[in-house]
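In what follows, a structure is listed as structure tokens, so that the remarks can point back to it.
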Amino acid sequence: MPTFQNADLHCHSVVSDGTLTPEALAARAKANGVELWALTDHDEIGGVQRAAAAAKAVGLPYLTGVELSVTFADETVHIVGLGFDAENADLGRGLADTRDGRGPRAREMAAQLERVGIAGAYEGALRFVGNPALISRTHFARFLVETGVCRDTSEVFRRYLTEGKPGYVPHRWASLSDAVHWITYAGGVAVIAHPGRYKFTANEEFALFSEFKAHGGRGVEVVTGSHTPAEYGTYADMAREFNLAASRGSDFHSPEESRTDLGGLPPLPADLEPVWTLLRDRIQ
């Protein structure tokens, strides 16, 4: 099996809340020196066949991917699935059930924004949506920037759409056990995405890792676009403590918005087992 140094196993296309097509992402990944790539759209695998074909066309090794929304300890947590069978019926049904709650939630977000004087947010957000079933906070944020309510998406999430601010509507997503089982039974590997982003106490974080492992989860993102260098070390230690494979991904959404470009991350710590070694038979 090739030794992949520059793997990027977390990014988003227009099929969820990214701004580039799967084809453009494959080309960008290849141009940026990515050696193994996965498209991980939110709760949706509608782009994986396009991504696979585009990766093959440019000679880029590829894994199927998805980023599943989970509710754990009243927080939204994301679980990345890699290397699964995209035709698996149980996974498909689980993703469809998870997506179904986004439309009503988006309308309530818009209603809250209207109450603080921001009209037309639902229709405005829809202009940025490639797939209306996956309307999300990111699409509302782009509307608020476009209309001049905020200077950039960072300001949006300081003033709106987060807990305690106008436009925040919690949602009950899939359970952790369901998400891990859907991915695992489809032949894939489940990975905790960007754990440094969650506002957990030390005990809650330990519980997340413990339950994830107990349900069959096998990986954690150590090096990712939203982690600081200190967090690379923190979650390398968590990978060692829980005997989890390490993943690596930029979480790239857009050339204009993302802090880290495809292929722009430092390498994984050398002593950790890369998650792709668990998926050598799944690489396309």
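The values are calculated or read from the model by the stated rules, or taken from the named source; none is laboratory data. The structure displayed is predicted, hence computed values, not measured ones. Counting neighbours? That spans all protein chains shown, and the Cβs are built from the backbone with ideal geometry, glycine included. The protein model used for the area step is the full one, side chains on, heavy atoms only, and it has no ligands, DNA or RNA in it. Shrake-Rupley method; radii C 1.70, N 1.55, O 1.52, S 1.80 Å.
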When region 18-44 is examined, which residues are found to be open to solvent by 10 Å² or more (accessible area, probe 1.4 Å) and either touching a Pro at 6+ places or on another chain (Cβ under 6 Å) or not hydrophobic (A, V, I, L, M, F, W, C) (or both)?
Thr19, Thr21, Glu23, Arg28, Lys30, Asn32, Gly33, Glu35, His42, Glu44
Residues in region 107-128 that are touching a residue at least 40 places away in the same chain (Cβ under 8 Å) and either closer than 19 Å to Trp173 by Cβ or among the charged types (D, E, K, R) (or both) total 3
Scan of region 62-73 for residues that are surrounded by fewer than 17 Cβ atoms within 10 Å (Cβ to Cβ) and more than 15 Å from the chain's Cα centre (by Cα), ordered by number:
Ala73
Look at region 46-58 and say how many of its residues are open to solvent by less than 50 Å² (accessible area, probe 1.4 Å), within 16 Å of Leu36 (Cβ to Cβ) and not in a helix (DSSP H, G or I).
0
Subset of region 235-257 (residues that are out of contact with any Phe, Trp or Tyr (no Cβ under 7 Å at 6 or more places or on another chain) and in a helix (DSSP H, G or I))
Tyr235, Ala236, Asp237, Ala239, Arg240, Glu241
Contact list please: Cβ distance under 7 Å, first residue in region 190-218 and open to solvent by less than 30 Å² (accessible area, probe 1.4 Å), second residue in a loop (DSSP other than H, G, I, E, B) and acidic (Asp, Glu), pairs at least six apart or on different chains.
His194/Asp251
On the basis of being open to solvent by 20 Å² or more (accessible area, probe 1.4 Å), β-branched (Val, Ile, Thr) and closer than 30 Å to Tyr160 by Cβ, does Thr76 make the cut?
yes
It is to be established whether one or more residues within region 268-280 are within 15 Å of Trp37 (Cβ to Cβ), touching a residue at least 12 places away in the same chain (Cβ under 8 Å), of a type outside the set (Val, Ile, Thr) and open to solvent by 20 Å² or more (accessible area, probe 1.4 Å).
yes
So Asp90 clears everything in (1) surrounded by 19 or more Cβ atoms within 10 Å (Cβ to Cβ); (2) acidic (Asp, Glu); (3) touching a helix residue (DSSP H, G or I) at 6+ places or on another chain (Cβ under 7 Å) except one condition, right? Which one?
(1)
Look through Leu208, Leu278 and report the one residue that is farther than 24 Å from Ala73 by Cβ and within 21 Å of the chain's Cα centre (by Cα).
Leu278
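Every residue, every condition in (1) assigned to a helix (DSSP H, G or I); (2) open to solvent by 40 Å² or more (accessible area, probe 1.4 Å); (3) touching a Leu at 6+ places or on another chain (Cβ under 6 Å); (4) of a type outside the set (S, T, N, Q), yes or no:
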residue: Gly81; (1), (2), (3), (4): no, no, no, yes
residue: Gly94; (1), (2), (3), (4): yes, no, no, yes
residue: Ala110; (1), (2), (3), (4): yes, no, no, yes
residue: Ala119; (1), (2), (3), (4): no, yes, no, yes
Looking at (1) modelled with pLDDT of 95 or more; (2) farther than 29 Å from His171 by Cα; (3) not hydrophobic (A, V, I, L, M, F, W, C), which one does Asp41 not meet, given that it meets all the others?
(2)
For Arg151, the lone unmet condition from (1) farther than 30 Å from His215 by Cα; (2) of a type in the set (D, E, K, R); (3) part of a helix (DSSP H, G or I) is (3)
Of the residues Val156, Val145, which is surrounded by 23 or more Cβ atoms within 10 Å (Cβ to Cβ), farther than 26 Å from Asp97 by Cα and free of Cβ contacts under 8 Å to residues at least 24 places away in the same chain?
Val156
Taking Thr260 and the conditions (1) part of a loop (DSSP other than H, G, I, E, B); (2) surrounded by fewer than 16 Cβ atoms within 10 Å (Cβ to Cβ); (3) among the polar types (S, T, N, Q), which numbered condition does it fall short on, given that it satisfies the others?
(2)
